[in-house]
1. By DSSP, what percent of the beta bridges with both residues in the chain are antiparallel, rounded to the nearest 5?
2. What does the helix-only formula give at 222 nm for the chain: each DSSP H stretch with n ≥ 4 adding -39500 (n - 2.57), the total divided by the residues, and the result rounded to the nearest 500 deg cm²/dmol?
3. Between region 68-116 and region 1-62, what's the alpha-carbon centroid distance in Å?
4. At a threshold of 8 angstrom on Cα-Cα distance, excluding pairs fewer than six apart, so keeping six or more, what relative contact order does the chain reach in percent?
Amino acid sequence: MKIVIPTNNKKGLDDKVAEHFGRCLTYTFLNEKGEVLEIIDNTSEHNGGQGLPPELMKKYESNILLCKGLGSRALDLCTEFGIDVFVYQTETVRDIFELWKNNKLELASKEDACKH
């Protein structure tokens, strides 16, 4: 199991969760124990690279996305790629992971997607 959280730095568990999944600067990957596996730069087209953020998540074999917000297209692509998405407004990587680990988050639906 590989969990991905959009971030804007490389501070691991103490990093802040980015406001929007696709527009973050980095992605922090954790295992199911909450250990940082790797932190990568966002090389998607949102940051001048290629491909969409969900395609990047698939490339890195993520199963779960924990984020503050994402668009409906991104949510659809994640679902298509078999990535479970959970949306929650919290501050740090550690906080959102702990909520997920303790079954305090629900799978995202269309209502959770950003409207813009």
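Values in this text are rule-based calculations from the coordinates and carry no lab data. Remember, it's a predicted structure, so these values are computed and weren't measured experimentally.
1. DSSP beta bridges in the chain are roughly 65 percent antiparallel.
2. Details: 3 runs with 25 residues, N = 116.
The helix-only estimate for the chain comes to -6000 deg cm²/dmol at 222 nm.
3. Spelled out, the Cα-based centre of one part sits 13 Å from the other.
4. The normalised contact order for the chain reaches 26 percent.
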